[in-house]
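The block underneath contains the structure these notes are about, expressed in structure tokens.
The values are calculated or read from the model by the stated rules, or taken from the named source; none is laboratory data. Note that this is a predicted model, so its numbers are computed, not measured. Cβ placement follows ideal geometry from the backbone for every residue including glycine, while neighbour counts extend to all protein chains displayed.
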């Protein structure tokens, strides 16, 4: 069974690690063939941009794409998965929460550092993430959309796992360090940070994350 | 907390750029007057952009601006001060090193956090810093120039104060957290981070900085 044509641009590539979304659920094409899929993704981008992540409606997207809402759910499962497909977002917050943040709180920093560095060190994933960062930097609308998605799907879930004051603030401090590190290392490429082996960074980043989340 | 060092003294006054416009040359310009200052700053921007911070030459800038090299030194003192004036860089690395990083290593994180938050919380300084971040994000050339300046004037000096392995890496991790936090708080404005009082952020940021610099 073939993946839907055109899926290449929205699916994580083979070899992406466990944090990758794989959330577009490429399946054999039936009523929702390539044209339908493209129409849905275009409608989703328009709806998300116009109304933000939280207020965007699956029903409105289905209507705009001229498909049945049940079909939309069948193919994309949920709003977060449709968002990830439409924006080529290579990171599934559900998987990140389940496989990285959940588990022993005493070693969460280590797991987050290992996950983040493992993710950014894969060139295709890094390129896609950097493209998203650049697009967000250039457009307030896109930045707001990303923020809305991340707060709803990642920050809120991780914060729910923490038993400390200001849990959302702590999760956002982790995100600020992760994004700042990625920009310094991969965009600005300041040396020696840009060439430091991940093994040298992991303990330093891990301790910071641990401090924010449990300290 | 330190004032944004040099913000008043090095920022080009209104009309500097206008001083470059046609027709002003006929007026008798005095050495070091507005016209000369504007010509020097324009020549400096061109030279820094073309050759980078380290390779840019005060002599070449003086020549391009049609002024004596001694006059250039008299008015701007040194290459770092000329750079800050030309790029409206509102932060003097020398002052930061002397007043923030030097001193008791056991409380350096606290001092850095207080300084950084105090700096960003001043709207005019914040605006100027964000403008620099945006310009650097949009131009690889500007990003390289900023990186070159910061590594030469800030990272190297602070690293020289540390007695731990990988001192430059540690300083750059601090910078990555500081820039990442600024972007998350002031650009992306993710809540509750954007509205958190500086007093709530300072201890969390301070501990991270302390960990990178002495941990």
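Test of understanding: among A:90, A:105, which residue is away from chain B (no Cβ under 14 Å), touching a residue at least 24 places away in the same chain (Cβ under 8 Å) and buried (at least 21 other Cβ atoms within 10 Å of the Cβ)?
Exactly one residue qualifies, and that residue is A:90.
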Original post:
Among the residues of the range B:197-207, which ones are at the interface with chain A (Cβ under 9 Å from one of its Cβ atoms) and surrounded by fewer than 18 Cβ atoms within 10 Å (Cβ to Cβ)?
Top reply: B:200
Original post:
Restricting the search to the range B:117-143, which residues are crowded, with 17+ Cβ neighbours inside 10 Å, within 12 Å of chain A (Cβ to nearest Cβ) and either touching a helix residue (DSSP H, G or I) at 6+ places or on another chain (Cβ under 6 Å) or modelled with pLDDT of 90 or more (or both)?
Top reply: B:136, B:137, B:142, B:143
**OP:** Scan A:177, A:210 and give me the residue that is surrounded by fewer than 22 Cβ atoms within 10 Å (Cβ to Cβ) and either more than 20 Å from the chain's Cα centre (by Cα) or within 7 Å of another protein chain (Cβ to nearest Cβ) (or both).
**Re:** A:210
Original post:
What is the residue count in the range B:180-196 for residues that are more than 9 Å from chain A (Cβ to nearest Cβ) and either at positive phi or assigned to a helix (DSSP H, G or I) (or both)?
Top reply: 1
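Restricting the search to the range A:158-174, which residues are more than 8 Å from chain B (Cβ to nearest Cβ), surrounded by fewer than 21 Cβ atoms within 10 Å (Cβ to Cβ) and more than 24 Å from residue A:56 (Cβ to Cβ)?
Result: A:161, A:162, A:163, A:164, A:165, A:167.
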**OP:** With the condition kept exactly as written, say whether any residue in the range A:145-157 is surrounded by fewer than 18 Cβ atoms within 10 Å (Cβ to Cβ), in the same structural domain as residue A:106 (by TED's automatic domain parsing) and farther than 18 Å from residue A:89 by Cβ.
**Re:** no
Subject >> Options B:101, B:89: the member that is under 22 Å from residue B:49 (Cβ atoms) and in contact with a helix residue (DSSP H, G or I) (Cβ under 7 Å, 6 or more places away or on another chain) >> reply: B:89
